[in-house]
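Report on the following structure.
The values are calculated or read from the model by the stated rules, or taken from the named source; none is laboratory data. A quick note: this is a predicted structure, and the numbers were derived from the prediction, not measured. Methodologically, a virtual Cβ is constructed for each residue, glycine included, from the backbone with ideal geometry; neighbour enumeration extends over all protein chains shown. Side chains included, ligands, DNA and RNA excluded: accessible areas come from the protein's heavy atoms. Shrake-Rupley method; radii C 1.70, N 1.55, O 1.52, S 1.80 Å.
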Amino acid sequence: MLDGLPAVLNKASLRFVAQPIFRQKGELYGHEMMLLHKQHKDPAMFMKIVNHMGLRQNLDLEVCRMAEPVLRTHNLTGCCCINLFADSLQEENVIEALLMLADPSASRWVMVNVMQLDTSNKQFNLSEIIADLRQCGVRFCFDVKLLMQITAMSLPVDMLRMDIRQVPEDQWARWISFAESNCVPMLAAGVDDDTHREALRELGIDFLQGKIFADMVLLNQNQTA
């Protein structure tokens, strides 16, 4: 499917890792799935290379196509959160692959964490695309940092995400209150110690994710969960 593309997108070098997402009271909600490269083990460096080579849509297509057999092999249920670039959501082949992944007959649902939303994406019809995908059962999550942009405020949203490693602690309460006032659940990512976990629970966080609960687990098509 991706013959002729640079080796950075060689399927043999790409691996999914998954990290559980929990409700505030401890029930398992689902997993975030992230695609990593064997050679470029730092996700930030891998994404920098992908951006530099103009391969964002190609990578997102592979994320959608590779996720389905991995989910089936590991029998993961509940929410399956994947990270896709905003401009990829306007590509027809990515939309088709995403709808295949969001098979309503499976005991799971797909949530897209939208990345790099900016004015250069030419997103005049992104709101309509997201609305159509939501009608097909796909859900959408936005990082609170994106809410500073006018475009983001006009998009349908099912969950907000706050990476506490990037948001100062004195702003947590404000963002959680903002989510609550807009009737949107909030996910706190990067929760790595008990102090932060308890502080977030006291503030009324809805969902939690981080090393304090579980490390990332390597997934592949030949290994059972």
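Suppose we keep only residues that are within 24 Å of LEU200 (Cα to Cα), open to solvent by 30 Å² or more (accessible area, probe 1.4 Å) and assigned to a helix (DSSP H, G or I) within region 112-152. Which one would you say is modelled with the lowest pLDDT?
The extreme case among them is MET148.
So in region 45-78, with the set limited to residues that are touching a residue at least 60 places away in the same chain (Cβ under 8 Å) and not in a helix (DSSP H, G or I), which one is farthest from ARG161 (Cα to Cα)?
Here the residue is ASN75.
What are the residue pairs meeting all of these: first residue in region 93-105, first residue in a helix (DSSP H, G or I), second residue exposed (fewer than 14 other Cβ atoms within 10 Å of the Cβ), Cβ atoms under 7 Å, and 6 or more apart or on different chains?
Filtered contacts from region 93-105: LEU99/CYS136.
Looking at this structure, is ALA188 closer than 30 Å to LEU14 by Cα, at pLDDT 95 or above, among the aliphatic types (A, V, I, L, M) and touching a strand residue (DSSP E or B) at 6+ places or on another chain (Cβ under 6 Å)? Write out each step before concluding.
Numbers: closer than 30 Å to LEU14 by Cα: yes; at pLDDT 95 or above: yes; among the aliphatic types (A, V, I, L, M): yes; touching a strand residue (DSSP E or B) at 6+ places or on another chain (Cβ under 6 Å): yes.
Here the answer is yes, as ALA188 does meet what is asked.
Restricting to region 25-44, what's the tally of residues that are at pLDDT 75 or above and farther than 21 Å from LEU71 by Cα?
2
Quick test of your reading of the structure: PHE46 fulfils all but one of (1) of a type in the set (A, V, I, L, M, F, W, C); (2) within 30 Å of PRO104 (Cβ to Cβ); (3) buried (at least 18 other Cβ atoms within 10 Å of the Cβ). Name the failing condition by number.
Of the numbered conditions (1) of a type in the set (A, V, I, L, M, F, W, C); (2) within 30 Å of PRO104 (Cβ to Cβ); (3) buried (at least 18 other Cβ atoms within 10 Å of the Cβ), the odd one out for PHE46 is (2).
Go through the residues of region 7-17 one by one and say whether even a single one is at pLDDT below 90, open to solvent by 10 Å² or more (accessible area, probe 1.4 Å), of a type in the set (S, T, N, Q) and closer than 21 Å to ASP132 by Cα.
no
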